[in-house]
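Participant: Let me give you the structure first, and then I'll get to my questions.
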Amino acid sequence: MKKVIWLSASFLVIALFIIGYIKASDMFKGADEGESLNNAAATKTEADLEHTRLEIQGNISEEELGQYHKDGLNPFGDSTHMSELTSYHYNEYIHGMSHQKVKASEKWGFYEIHPTRINWLLEGLETVDVDNEEIYQDILERWRAKDFSRVDKDHNQIWKIQNGTIGEASGILSPEEEQAYINSKR
């Protein structure tokens with residue numbers, strides 16, 4: 001009888017161990033899948049933003065800004081709301097706007113510098129916590145004051161945050177060069 005009890009107890013302990021192992025594996029697997037889903041969602045958002053950045057070219061009119069607002073989009077034409085802004089968004093938007101004013105061997109994407117966009121980004125800094133907040137604040141405050149005297153340095157600061165390897169700004173465009181660049185993006 002002792003042998004049967006011993007075997008039953010041993011079997012029960014082994015069964016409980018196996019069940020516990022399976023449940024723990026499922027729990028960790030679920031966490032990994034959840035993490036993967038979050039990473040996939042973030043990657044999709046970043047890919048969508050990059051696609052939008054490459055599509056939006058040239059000037060932005062007051063009518064277009066008004067239409068963005070009616071459509072529930074931000075001033076950059078994206079569905080990202082102010083409360084959802086991340087460092088990635090700030091890097092993309094500021095970098096894209098700086099292209100209007102800088103000399104660089106390569107430029108990918110362009111957002112026209114516009115007071116509505118600058119003010120929206122500054123307001124966003126009061127809403128969200130992001131890395132490099134002081135850098136974004138400094139750049140946007142100067143730009144709001146129409147001080148673009150160091151826009152090439154601003155571009156390169158963001159470019160370095162993004163681990164840029166091609167397209168470092170090498171100076172500031174003249175007003176004529178800037179207008180030609182804007183016209184080429186219409």
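Participant: Could you give P(r) for the stretch 118-171, binned at 5 Å from zero, as whole percent values over all Cα-Cα pairs?
Facilitator: Spelled out per bin, shortest first, that is 4, 19, 27, 23, 18, 8, 1.
Participant: Also, I was wondering about something else. Please give the per residue volume of the convex hull enclosing the alpha carbon atoms of the stretch 95-136, rounded to a whole number of Å³.
Facilitator: Details: hull volume 3.7 nm³, N = 42.
Hull volume over Cα atoms, normalised by residue count, gives 87 Å³.
Participant: Would you mind computing the Rg to Rh ratio of the stretch 69-121 from its alpha-carbon coordinates, Kirkwood style for Rh?
Facilitator: Numbers: Rg = 11.6 Å, Rh = 11.8 Å.
Value, to two decimals: 0.98.
Participant: Also, I was wondering about something else. Give me the net charge for the shell around E177: Cβ to Cβ below 10 angstrom, other residues only, Lys and Arg +1, Asp and Glu -1.
Facilitator: Numbers: positive: K101, K103; negative: E176, E178.
Result for the neighbourhood of E177: 0.
Participant: Give me the three principal axis extents of the stretch 56-184 from the C-alpha atoms, as integers in angstrom, largest value leading.
Facilitator: 35, 32, 26
Participant: Counting only C-alpha contacts under 8 Å and six or more residues apart, can you give the relative contact order of the stretch 108-171 as a whole percent? Please list the in-between numbers first.
Facilitator: Numbers: 22 pairs, mean separation 16.8, N = 64.
This gives 26 percent for the stretch 108-171.
Participant: Another question, if that's okay. Quick one: length gained pulling E62 to K160 fully straight, 0.36 nm per residue minus the C-alpha distance?
Facilitator: Numbers: separation 98, 0.36 × 98 = 35.28 nm, distance 3.21 nm.
Going from the current span to full extension adds 32.1 nm.
Participant: Starting from the amide H of K103, placed 1.01 Å from N in the peptide plane, find each other amide H under 5 Å away whose residue is 5 or more places distant or on another chain.
Facilitator: S170, G171, I172, L173
Computed from the coordinates by the stated procedures, all read-outs in this text should not be read as laboratory data. On a predicted model such as this, the values are computed, not experimentally measured, just so you know. Don't worry about glycine lacking a Cβ; one is built from the backbone with ideal geometry, like all the others, and counts go over all protein chains shown.
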